[in-house]
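Below is one structure, written out as structure tokens, with a few remarks after it.
The values are calculated or read from the model by the stated rules, or taken from the named source; none is laboratory data. These numbers were taken from a predicted model, which means no experiment stands behind them. Reconstructed Cβ throughout: ideal geometry from the backbone, glycine too, with neighbour counts over all protein chains shown. In case anyone asks, the SASA skips ligands and DNA or RNA and just uses the protein heavy atoms, side chains included. Shrake-Rupley method; radii C 1.70, N 1.55, O 1.52, S 1.80 Å.
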Amino acid sequence: QVQLVESGGGLVQAGGSLRLSCTASGSVFSINTMGWYRQAPGKQRELVADITSGGSTNYADSVKGRFTISRDNAKNTVYLQMNSLKPEDTAVYYCNFGTRVRDYWGQGTQVTVSS
């Protein structure tokens, strides 16, 4: 059974940095897009950033220039480097792996940015 395990969340002051990681346990084949989503209280889940198997990236306007997504295909791992964090970045962050068969989701990791 495949599970996505996230790490790296926590509490940070505004202007600080965090690095999220998400690794698949078990065998996952033909991962196409890896991505990070977030959901703040009372809001819908939104795409933060994603990266294709070819390395093309896509970012939400609100995080462009501050966040960087990367992936290590050999390790089935995706990263999200978050710099210059703002209180409005506070949310539960979820990773997503998309394959031809189905999508996989992580359990979520809390990121809290204090002002």
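For region 30-91, the fraction of 1.4 Å probe accessible surface lying on carbon and sulfur atoms is 43 percent. Scanning residues 5 or more positions from Gly16 or on other chains, those with amide H under 5 Å from its amide H are Leu85, with H placed 1.01 Å from N in the peptide plane.
Computed over protein heavy atoms with a 1.4 Å probe, the accessible surface of the chain works out to 54 Å² per residue. Coupling constants for region 64-76 follow from the phi torsions by the Karplus curve (6.51 cos²θ - 1.76 cosθ + 1.60, θ = phi - 60°), and in residue order they are 4, x, 10, 10, 9, 9, 8, 9, 10, 5, 5, 9, 6 Hz; glycine and proline get x. Residues in region 108-115 carry Karplus couplings, in order, of x, 9, 7, 10, 10, 10, 8, 8 Hz; the curve used is 6.51 cos²θ - 1.76 cosθ + 1.60 with θ = phi - 60°, and Gly or Pro positions show x.
By the Kirkwood approach, averaging reciprocal distances over each pair of separate Cα atoms, region 40-83 gets a hydrodynamic radius of 11.5 Å. Across region 14-20, rounded Karplus estimates of 3J(HN,Hα) from the backbone phi angles (6.51 cos²θ - 1.76 cosθ + 1.60, θ = phi - 60°) give 4, x, x, 10, 9, 10, 8 Hz, Gly and Pro being marked x. With the simple spin-label model, which puts each label point 7 Å out from Cα in the Cβ direction, the Asp103 to Val5 separation comes to 2.4 nm.
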